[in-house]
Amino acid sequence: MEAAFDLGADPLRRFWRVVLPLSLPGVAASFFMVFIPTVGEYVTPLLVGGSRGSLYGNIIQDFFTKAANWPFGSALAMIMLATTLALVAVAVRLVDLRRLVE
């Protein structure tokens, strides 16, 4: 940050060129640590949050158990899987894994 400041970079450029690339692996890891349980868990939200809120996993579980609509529940599960895989692919492209290994 000091080197960028000494070379005349404004605060916004310092953030985009120095801070964000260095913090991107942590941002991606924290995103997935929150995103995966949000879409995949259905027991914990029922125990903690009660019946008022429902997450994506709860909706899929309801279609399999209460509504007995297996095809639609399967379609929702496939959409969740495709979305998760797409987000992981984007994160792998953003975070250079070779840099983390070294």
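Can you tell me which residue is farthest from Leu81 (Cα to Cα) among those in segment 4-44 that are surrounded by 14 or more Cβ atoms within 10 Å (Cβ to Cβ) and of a type in the set (Val, Ile, Thr)? So, considering only residues that are surrounded by 14 or more Cβ atoms within 10 Å (Cβ to Cβ) and of a type in the set (Val, Ile, Thr), the one farthest from Leu81 (Cα to Cα) is Val18. In segment 4-32, the residues that are farther than 14 Å from Ala91 by Cα form Cβ pairs under 7 Å with partners that are of a type in the set (Val, Ile, Thr), at six or more places apart or across chains, as follows: Ala4/Val18. Contact map, segment 66-83: first residue within 15 Å of Tyr56 (Cβ to Cβ), second residue surrounded by fewer than 13 Cβ atoms within 10 Å (Cβ to Cβ) and aliphatic (A, V, I, L, M), Cβ cut-off under 9 Å, separation 6 or more or different chains; pairs are Gly73/Ala67. Scanning segment 45-81 for residues that are of a type in the set (Ser, Thr, Tyr), modelled with pLDDT under 85 and surrounded by 13 or more Cβ atoms within 10 Å (Cβ to Cβ) yields Ser54, Tyr56.
The values are calculated or read from the model by the stated rules, or taken from the named source; none is laboratory data. None of these values were measured; they are calculated from a predicted model. Positions of Cβ are backbone-derived with ideal geometry, glycine not excepted, and every protein chain shown enters the neighbour counts.
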